[in-house]
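Below is one structure; the comments refer to it alone.
The values are calculated or read from the model by the stated rules, or taken from the named source; none is laboratory data. For clarity, every value in this text was computed on a predicted model and none was experimentally measured. Cβ: placed from backbone, ideal geometry, glycine included. Neighbour counts: every protein chain shown. Side chains are part of the model used for accessible areas, which takes the heavy atoms of the whole protein and leaves out ligands, DNA and RNA. Shrake-Rupley method; radii C 1.70, N 1.55, O 1.52, S 1.80 Å.
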Amino acid sequence: MKRNQTVLSRFTTRLGTFFKQGFKTKPSTSSFIIWLALLNASLYNWPLFSFSIKNLDGFTLNSLQTLLTVFAAIYLVTTLVLYVLFILSRRLGKAVCVVFALANSLAVYFVVTYNVILDRTMMGNIFNTQYSESEQFLSPKLALYFILLGVLPAWLIIRASIQKTSRVRLFVHLIITVIATSTWIWQSQSNWLWIDKHAKHLGGIIMPWSYVGNAIRFQSQQAKENVEQTLLPDATFGSNEKTVVVLVIGESARAENFSLYGYNKPTNPLLTASENVVTLKNATSCASYTTASVKCILSHTNPSGVFSENFEPLPSYLQRQGIDVFWRTKNWGEPPIKVSSYLSSGDLKNNCEGEECDFDGLLLSHLAEQIQASDKQKVFVVLHQTGSHGPSYYTKYPKEFEVFKPVCRSVELSNCTQEELINAYDNTILYNDHFLDQLRLTLADLDNTSSAYLYVSDHGESLGEGGIYLHGTPYSIAPEQQLKVPFLVWMSPSFIKQKHISVDKLKAREQSTQANIFHSVMGAFDMDSEIYDKDLDMFRAASQP
């Protein structure tokens, strides 16, 4: 960290020297743009060049040409945008540069500290992050980056005095810049294959165009999705027995840290001892971030296709078919839903008592009473956990569940030992074990009711493997820790009898995905319709004559 601070100090010193000279000499607009583009490429894109150097074949002439080509591409895009802005207005150009300086400082911090890639997926994570979650990332190191790489350059840009240059001259300079840099890039075609191979990673750490471009892409996608939902065809019911199904959507839980999946630490003591808890093998998520995963879990078909239609999600569909639907959440990111009861953590806290009201246990507060108060024969409940969301894993469980020690108590995860980090994370899994067992007891105590719960995490989590932390890595290159998730099912004896389910047959399933949820819930309620896919219904597949 000290070395990084030294490098940052040198950069800002040189930046200050340039602008002090600039105050005296009043640089032309073109000179100002050129210097800003050069400084942007070097000051904010050193993580990109560090990545490039590590993945090139040593310090050869060809490697140097590749680096220069990457530099030229960044320089070209930056100068192109800045020239256009300054042609329109010098004030507009300076204002945008100030915003970029501030935003770049934060982006570089997260790229360096957590090894994240600012692609469309990650921008979706950022746009769907609430303040209560984002404040967990605050640290002295973040403040240092923001001041040295953000506030100081922004202040110097504001103070800079620029000579007025005619728009015609600026346009001519723009054309010359485009021709010169494009010529270099064109004659370096032999390096394009390497750039194309690493395009996804490079495109996610180019400052500022990674987060600018991908923020636009994400918002464009959201605009397309925020159209009126297409209603699904009505369903029929084969029976009318009192049935309660609970879907627990976990957060950032990865299968390899569950003792139910063979982990060498006892993170699931209660679930292991429970009857009729089925551990589904080789379960995978369909995305590496919450909003996409939750949408997938609640969809009857793959919602990520380019031409996929925006259908109503599972809770809205069940509610419209006459089932009582309750949504309880300590999280966010779900698509628009229409249910009979939507309770946020704030709503639930009003009537909650006990130490678990600050944790996921809040979701179980007065749940039994709400279910019993329903006059419907079929009730569907969704519990959306905060689960194991980082980086402050140690804040996700009550003190009594801090069994694995020592634990990491820093948001700068690379500052913790791997043992401390894993211990803090494992304690969140241990607390989740308690949560699911309490849910089991709640459902088991319901009179004259067959019940079941399905638990699946939205995605997994990286804990420093390969230098990667948290989640949200592009799906095509995401590590398995972010994609392999726990998928558990518990069924009451009456539910098993009613559905003629072979527990052993259910346990023998070789593969499960989040796509099984929609159709398995339909099967649990004995529903049938045009969109019901019996091949994705786990309960039907495990039934016996």
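Details
- All lysines inside 25 Å of Lys54 as judged from Cα atoms, apart from same-chain residues fewer than 8 positions distant: Lys2, Lys141, Lys197, Lys200
- Between the residues Pro266, Gln219, Ile205, the greatest Cα displacement towards the positive end of the dipole of the stretch 198-283, with unit charges on the Cβ of Lys, Arg, Asp and Glu, is found for Ile205.
- Ordered by 1.4 Å accessible area with all protein chains kept, Ser166, Ser476 run largest first as Ser476, Ser166.
- Long-range HN-HN contacts of Val246 with modeled amide H, under 5 Å: Val381, Ala452, Tyr453, Leu454
- 3J(HN,Hα) along the stretch 255-270, derived from phi through the Karplus expression 6.51 cos²θ - 1.76 cosθ + 1.60 where θ = phi - 60°, amounts to 4, 5, 9, 9, 5, 4, 9, x, 5, 7, 10, x, 8, 10, x, 6 Hz, with x in place of Gly and Pro.
- Per-residue extension of 0.36 nm, minus the Cα-Cα distance of Glu419 and Gln219, leaves a gain of 68.1 nm for this segment.
- Nearest-10 value in Å² for the accessible area of Cys296, using the 1.4 Å probe: 20
- Whichever aspartates and glutamates have a C-alpha closer than 16 Å to that of Lys242, once near sequence neighbours (fewer than 8 apart) are set aside: Asp324, Glu369, Asp375, Asp445, Asp447, Asp526
- Dipole of the stretch 25-137 computed with +1 at Lys/Arg Cβ and -1 at Asp/Glu Cβ about the Cα centre; of Ile126, Thr66, Leu38, farthest Cα towards the positive end is Leu38.
- A compact globular protein would have a Cα radius of gyration near 2.2 N^0.38 Å; the ratio found for the stretch 243-333 is 1.30.
- Exposure of Phe127 as accessible area (Å², to 10), given a probe of 1.4 Å and all protein chains: 100
- Span-rule helices in the chain, defined as complete DSSP H runs reaching 15 Å or more along the axis (Cα) with Kyte mean at least 0.5: 29-43, 61-88, 90-114, 167-187
- Derived from the Cα gyration tensor, the three semi-axes of the equivalent ellipsoid of the stretch 49-148 are 27, 23, 13 Å, largest first.
- Cβ-isolated cysteines (cut-off 4.7 Å), the chain: Cys97
- GluC sites (Glu not before Pro) lying in DSSP loop within the stretch 343-438, provided at most 11 other Cβ fall within 10 Å: Glu353
- In this structure, the amide hydrogen of Val325, modeled 1.01 Å from its nitrogen in the peptide plane, lies closer than 5 angstrom to those of Ser340, Ser341, Phe380, counting only residues at least 5 positions away or on a different chain.
- Using only Cα coordinates, the Kirkwood hydrodynamic radius of the stretch 370-421 works out to 14.0 Å.
- Each of Trp209, Trp184 has its accessible area taken with a 1.4 Å probe; listed largest first, they run Trp184, Trp209.
- q = 0.15 Å⁻¹: log10 I(q)/I(0) that the Debye formula gives for the stretch 338-485, counting C-alpha atoms only: -0.87
- ³J(HN,Hα) computed for each position of the stretch 487-492 - Karplus, 6.51 cos²θ - 1.76 cosθ + 1.60, integer Hz, glycine/proline x: 9, 10, 9, 10, 9, 6
- Ser410 versus Asn302: modelled label distance in nm, points set 7 Å from Cα along the beta carbon direction: 4.2
- Karplus-derived 3J(HN,Hα), 6.51/-1.76/1.60, for each residue of the stretch 539-545, Hz, glycine and proline x: 5, 5, 5, 9, 6, 9, x
- Considering only Thr177, Val99, Leu446, the residue lying farthest towards the positive end of the dipole of the chain is Thr177, judged by Cα position with unit charges set on Cβ.
- Measuring only protein heavy atoms, the 1.4 Å probe finds Lys200 accessible over about 100 Å².
- Segment Leu88-Arg169, extension gain: residue separation times 0.36 nm, minus the distance between their alpha carbons: 27.9 nm
- By the Cα gyration tensor, the stretch 118-179 has an equivalent ellipsoid whose semi-axes, rounded to whole angstrom, run 37, 20, 10 from largest to smallest.
- All distinct Cα pairs of the chain go into the 1/r average, and the inverse of that average, the Kirkwood radius, is 25.9 Å.
- Cα-centred dipole magnitude for the chain, charges only on beta-carbon of K, R (+1) and D, E (-1), debye, nearest 20: 3460
- For the set Asp360, Asp375, the ranking by accessible area, highest first and with no ligand, DNA or RNA atoms included, is Asp375, Asp360 under a 1.4 Å probe.
- Value of D in µm² per second that Stokes-Einstein yields for the stretch 267-398, Kirkwood Rh from Cα pairs, at 20 °C (1.002 mPa s): 127
- Ser457 long-range amide H proximity, modeled H, under 5 Å: Gly250
- Spatially close Lys pairs in the stretch 392-545, defined by Cα atoms under 20 Å apart and a spacing of eight or more places or different chains, total 9.
- Here the Kirkwood formula, the inverse mean of 1/r across different C-alpha pairs, assigns the stretch 214-266 a hydrodynamic radius of 16.9 Å.
- Under the convention that each Lys and Arg Cβ holds +1 and each Asp and Glu Cβ holds -1, the size of the dipole of the stretch 243-361 around its Cα centre is about 340 debye.
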